[in-house]
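Scroll down for the structure; my scribbles are underneath it.
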Amino acid sequence: IPPPTLAGELYKETHNWITEWHVRHFVLRQGFLQWWMSAEDAQNGVTPNGVVSLLGLQIKLMQTVFSMRTASTKGVIYSFDATTDEGVSKWVESLNKHSEYCEKMRQHMYASANQLREGNGSAEAPPDLAPSAPDLAPSAPDLAPSA
């Protein structure tokens, strides 16, 4: 069972010619963090501006700002500002729960694939379900795996 959905506004750091922070509407659901320009866009079915799978979440906190990357961000670090201590605690706790859900789902899929292979006599694991994907290893000293 996935953790509860969390939705709300956060500031998202953007990089163009200069670094800026923009308010975006976020939805954390079933192991994915998605964001839109506004809550109305999300409610009206507009394609999200961004989607991140939380498998392999690494997160760093600095006051109300949290920076994160996952296996799906391919090294890109996203930074968000929750503006309050309570807000950052709520988002980080929920992100960690959703990341744990992703890991449990990965393990379940891997076990299911093993059962299918055993029934079919196949000995090789599908590469996308391998138990230790190399891109999940931390490669930056300032981002430790989330607990």
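The values are calculated or read from the model by the stated rules, or taken from the named source; none is laboratory data. None of the values given here were measured: they were computed from a predicted structure. A quick note on method: Cβ atoms are made from the backbone with ideal geometry, for glycine too, and the neighbour counts reach across all protein chains shown. Protein only, heavy atoms only, side chains kept; ligands, DNA and RNA dropped before computing areas. Shrake-Rupley method; radii C 1.70, N 1.55, O 1.52, S 1.80 Å.
Let me check against my output: what whole-number percent is the relative contact order of the range 6-116, with C-alpha pairs under 8 Å and at least 6 apart?
23 percent
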Calc'd 3J(HN,Hα), the range 26-42, phi into Karplus 6.51 cos²θ - 1.76 cosθ + 1.60 (θ = phi - 60°), Hz, glycine/Pro = x, comes to 10, 10, 10, 8, 6, x, 10, 9, 10, 9, 10, 5, 8, 4, 4, 4, 4
According to a simple spin-label model (label point 7 Å from Cα along Cα-to-Cβ), what is the distance in nm between S72 and E118?
3.0 nm
Placing unit charges on C-beta atoms (Lys and Arg positive, Asp and Glu negative, everything else neutral), compute the dipole magnitude of the range 6-116 about its Cα centre in debye, rounded to 20.
460 debye
Net +/- balance of residues flanking K90 in space, Cβ distance below 13 Å, scoring K and R +1, D and E -1:
-3
Apply the Karplus parameterisation 6.51 cos²θ - 1.76 cosθ + 1.60, with θ equal to phi minus 60°, to every residue of the range 73-80 and state each ³J(HN,Hα) to the nearest whole Hz, in sequence, with x for glycine and proline.
8, 6, x, 5, 9, 9, 10, 9
Around F80, with a cut-off of 13 angstrom between Cβ atoms, what is the net charge of the other residues, counting Lys and Arg +1 and Asp and Glu -1?
+2
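If Lys and Arg each add +1 and Asp and Glu each add -1, what is the summed charge of the other residues whose beta carbon sits under 11 Å from the beta carbon of F26? Numbers along the way, then the final one.
On the way: positive: K12, R24, R29; negative: E9.
Result for the neighbourhood of F26: +2.
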Rounded to the nearest 10 Å², the accessible area of E86 at probe 1.4 Å:
150 Å²
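If I take R0 = 35 Å and measure r between the Cβ atoms of N44 and T84 in this structure, what FRET efficiency does the formula 1/(1 + (r/R0)^6) give, to the nearest 0.05? Don't skip to the end; give the middle numbers.
On the way: r = 28 Å, r/R0 = 0.80.
Plugging the Cβ-Cβ distance into 1/(1 + (r/R0)^6) gives 0.80.
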